[in-house]
1. Does Asp94 satisfy the condition of being part of a strand (DSSP E or B) and under 23 Å from Ala136 (Cα atoms)?
2. Name the residues in region 58-91 that are open to solvent by less than 40 Å² (accessible area, probe 1.4 Å), farther than 15 Å from Ala35 by Cβ and either touching a Leu at 6+ places or on another chain (Cβ under 6 Å) or assigned to a strand (DSSP E or B) (or both), would you?
3. Select from region 117-145 the residues that are open to solvent by 20 Å² or more (accessible area, probe 1.4 Å), under 16 Å from Gly233 (Cα atoms) and touching a Ser or Thr at 6+ places or on another chain (Cβ under 6 Å) and list them in ascending order.
4. Name the residues in region 180-224 that are part of a loop (DSSP other than H, G, I, E, B), at pLDDT below 95 and of a type in the set (Ser, Thr, Tyr), would you?
5. Determine if region 264-286 includes at least one residue that is more than 30 Å from Ile208 (Cα to Cα), in a loop (DSSP other than H, G, I, E, B), at pLDDT below 95 and among the hydrophobic types (A, V, I, L, M, F, W, C).
6. Of everything in region 29-61 that's charged (D, E, K, R) and touching a residue at least 60 places away in the same chain (Cβ under 8 Å), which residue is nearest to Asp19 (Cα to Cα)?
7. Which residue pairs have Cβ atoms under 7 Å apart, sit 6 or more places apart or on different chains, and have a first residue in region 208-222 that is farther than 16 Å from Leu144 by Cβ and of a type in the set (Gly, Ala, Ser) and a second that is assigned to a helix (DSSP H, G or I) and open to solvent by 50 Å² or more (accessible area, probe 1.4 Å)?
Amino acid sequence: MDPEPRSLLGNIGPLMAPDENGVMLADGFTSRIVASSGEAPVSSSSFIWHDAPDGGAVFPLDSGEWIYVSNSEMGSRRGGASALKFDASGKVVDAYSILSRTNRNCAGGATPWGTWLSCEETSNGIVWECDPLGVAEPIQRPQLGVFYHESVAVNPNTNILYMTEDRPLGLFYRFIPDGNLANGIPDLSRGRLQAAVVDSSNNAVTWIDIADPLAQTETTRSQATGATTFNGGEGIVVFDNVVSFATKGDNRIWAYQTDNEVLSVIYDRDIAPNPILSGLDNMTLSQDGELVVSEDPGDLQIVAVTASGDLVPLMQLVGHEGSEVTGPAFSPDGKRLYFSSQRGTAGRSSGGVTFEIQGPFHI
């Protein structure tokens with residue numbers, strides 16, 4: 001059995017001049033475009049890659065292949081999510097839709113049981129549970145709340161879901177399933193939706209129940225009296241019982257220790273000694289649990305927060321000034337990093353570009 005990949009993000013050198021794709025990379029790394037909005041990613045299929053690619057994740061397959069899922073942040077029920085399938089050598093062999101006719105699918109999150117939770121960022125937005133293979137029909141998950149959903153992450157040790165809300169006065173939510181289905185997967189149709197309350201004196205977190213998650217008579221926010229607000233909740237991840245999430249409005253990264261229920265700020269651009277991260281948006285993890293953050297727009301970089309606390313740029317886009325960097329996710333072996341420029345060089349939703357960077361991210 002092959003050993004788990006180990007992070008080399010702290011060893012990555014300075015970024016060099018942009019390559020032919022407009023991507024600044026360190027020595028030893030290369031980029032390629034794997035999909036473009038309005039074009040077919042593979043010649044064997046007429047499927048067209050979606051506009052405004054946003055949050056994404058990678059799903060390994062038993063065959064050694066993998067799937068990269070990407071949201072489409074289009075409104076007026078033109079949003080959804082699509083998938084790229086890669087063979088074991090990294091060749092794109094298929095592309096298809098896994099969700100369609102939804103609204104402003106911004107980010108989301110992968111589940112430990114192998115599904116994609118796609119989040120709608122609207123006032124009446126819900127979470128859709130999707131099959132990365134595109135076989136099973138998407139399932140609405142309104143019990144996870146009706147609000148401006150941004151991202152979701154599942155703690156694999158407890159099956160509790162944590163969610164962010166992209167509003168200037170956004171909340172930090174969690175959903176506790178009541179139990180499991182017959183196959184052992186958590187039942188997302190039953191459970192408690194709660195919002196966080198942070199004690200300003202000691203940063204201790206308590207939770208208040210949202211009585212009507214479907215917001216049938218009262219908005220979710222109106223039901224969360226006393227909940228602590230966060231300035232533009234963005235990406236969220238869980239590693240080793242720590243929930244980390246970003247807030248773009250104040251350029252911070254927060255860490256919620258689920259074991260002792262304390263929340264702290266681990267990055268604040270206003271006071272950081274090396275404040276290179278700004279416009280914090282989507283997040284993913286290295287195989288060692290290091291944070292990897294994309295910018296909107298900032299410097300249009302993806303930046304790693306290493307185990308030693310250093311900030312290391314992994315790439316930077318040039319010529320994409322009207323865009324944002326979205327959907328970072330590593331391949332199963334940790335040697336390929338996927339992401340998108342949501343609006344490309346033209347600054348239009350129809351100009352989205354999805355990239356792959358290959359190199360020694362992990363060993």
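The values are calculated or read from the model by the stated rules, or taken from the named source; none is laboratory data. Keep in mind that this is a model prediction, so the values were computed, not measured. Cβ atoms come from the backbone with ideal geometry, glycine included; neighbour counts cover every protein chain shown. Surface areas here come from the heavy atoms of the whole protein model, side chains and all, with no ligands, DNA or RNA. Shrake-Rupley method; radii C 1.70, N 1.55, O 1.52, S 1.80 Å.
1. Values: part of a strand (DSSP E or B): yes; under 23 Å from Ala136 (Cα atoms): yes.
Yes.
2. Selection gives Phe59, Gly79.
3. Hits for region 117-145: nothing passes.
4. Thr217, Thr219, Thr220, listed by residue number.
5. There is no residue in region 264-286 that is more than 30 Å from Ile208 (Cα to Cα), in a loop (DSSP other than H, G, I, E, B), at pLDDT below 95 and among the hydrophobic types (A, V, I, L, M, F, W, C).
6. Restricting attention to region 29-61, the residues satisfying the condition of being charged (D, E, K, R) are 32, 39, 51, 54.
Okay, now just the ones that are also touching a residue at least 60 places away in the same chain (Cβ under 8 Å), so 32, 51, 54.
Details: Arg32: 10, Asp51: 24, Asp54: 23 Å.
Among those that are charged (D, E, K, R) and touching a residue at least 60 places away in the same chain (Cβ under 8 Å), it is Arg32.
7. none
Each row is one residue, and each column tells you yes or no for (1) within 19 Å of Asn282 (Cβ to Cβ); (2) open to solvent by less than 20 Å² (accessible area, probe 1.4 Å).
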| site | (1), (2) |
| --- | --- |
| Ala35 | yes, yes |
| Ala40 | no, no |
| Ser43 | no, no |
| Ser46 | no, no |
| Thr115 | yes, no |
